[in-house]
Every structure is written in C-alpha cells, then in structure tokens.
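Computed from the coordinates by the stated procedures, all read-outs in this text should not be read as laboratory data. Nothing here was measured: the structure is a model prediction, and the numbers come from that model. Ideal geometry is used to build each Cβ from the backbone, glycine not excepted, and the neighbour counts take in all protein chains shown.
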C-alpha cells in the first residue's frame, strides 16, 4: 500500500503540476520527476516542500488532502489514519464485491474486529476534519480548498501549509492547534482503546439486515 500511494501520488502530482510555472513548470523533465516523488513522500510524512504549496493547482491541493489524510505506516510517528487502515477498507470493499463472507489476503483472514476498528478510525478522522473545517469557515472568508488543506494538514500533523495559519484570527489558530493534538493522539488512542476493549456476551439475538444504499 505504501508503494502504491508513493507511485500514484507522484504521478498525480506530476501530471497536475507539470505545466504550472509557479511550481515546476519551468524545470527540466528530470527535476519535475524528482519533485513529484519528493512531494509524494512528504505528503504523508515529513511535510517538507520544495515548491510553494499555495501556488499549486486546486486539484493538486485536493489530491494532497487525500494523501495527507491517509498518512504513513501504522505505529509510525506519521499522522493520518495510516496506510494499513486504508488497505483493510479496500480489501473489505473487494471482498464485498466478490460476495465473500470473510476478508482474506495473502492466505490470511482479517478479523471482523479489525475491520470495525478501521471504520471507526476513519470515521473519527473524517469527523474531526469536517468539524474543524466548519469552524474555520465561520471565522474566515478564505476559499474552501485552502481551509480544507490547512485542516487536513493539521489533523495529519504533516507540516505542509498554504499560508492560512498565519492569517487566521486567534480562534482559528486555537482550532488548528486543538486539531493537531487530536490528530496526534485521537485515531491512535481510539485504536488502542478499542483494541483492548473486549466484551464476552453470553447470549445472542436474532439478525436484522437493514437496507443499505
């Protein structure tokens, strides 16, 4: 999953910024490829930038949002929901499309509890991002793409910025600061808490299949 995200991120970033004179449009082919790979890595880890992030194409910012939200490897110091969480969700979608009762990969079965945990972590992250975005929209007239970028970067503790943080009023800065703390301990803390919390029920109830979709 890490390799897939690295390659896909580099291709998307490079394709969108290839002709952008404000970023890498005036560079040679080799430099453009290097910048694409570097940006793809930094979106999910260190947060360093070789170009002005605020000068990127809006579509590039959106793609960066997605990669920052995913973040790095599980149990690492990177932020986001982590690549293993995304992998489990994708595997569950594939299993459902195939009609399989269990999620299997590499001759192993992924427990239902792990799938529920992945959904919980993703939902918590999305809720934090949505709430912080709504709060910032109340205190600034900045376009949504810049607000969303700054919020997801704070949640993922990535470090990339379009310069919005310094422009926000004190309340907005407090929202981003709180989101950084929540993003640092929130998903990881929830995952740890849910993983050790087990209840053994001595009874069962009839199944109910609600209509989905």
With the cut-off at 20 Å, report for the stretch 85-164 the share of all Cα pairs above it, as a whole percent. 49 percent
Using a Förster distance of 30 Å, how high is the FRET efficiency between residue 173 and residue 48, based on the Cβ-Cβ distance and rounded to 0.05? 0.85
Would you mind checking the tilt of helix 29-42 against the longest principal axis of the Cα atoms of the chain, expressed as 0 to 90 degrees and rounded to 10? 40 degrees
In nm, spacing of pseudo-spin labels at residue 144 and residue 212 (7 Å Cα→C-beta vector): 2.7 nm
Cβ-based exposure ranking for 36, 131, 161, in which fewest neighbours within 10 Å come first: 131, 161, 36
Value of Rg/Rh across the chain [Cα atoms, Kirkwood radius]: 1.03
Unit-weight point scatterers at every alpha-carbon of the stretch 125-168, Debye formula, q = 0.26 1/Å: log10 I(q)/I(0) is -0.92
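Give me the Kirkwood hydrodynamic radius of the stretch 3-60, using the inverse of the mean 1/r over all pairs of distinct Cα atoms, in Å to one decimal.
The Cα-based Kirkwood calculation yields 11.1 Å.
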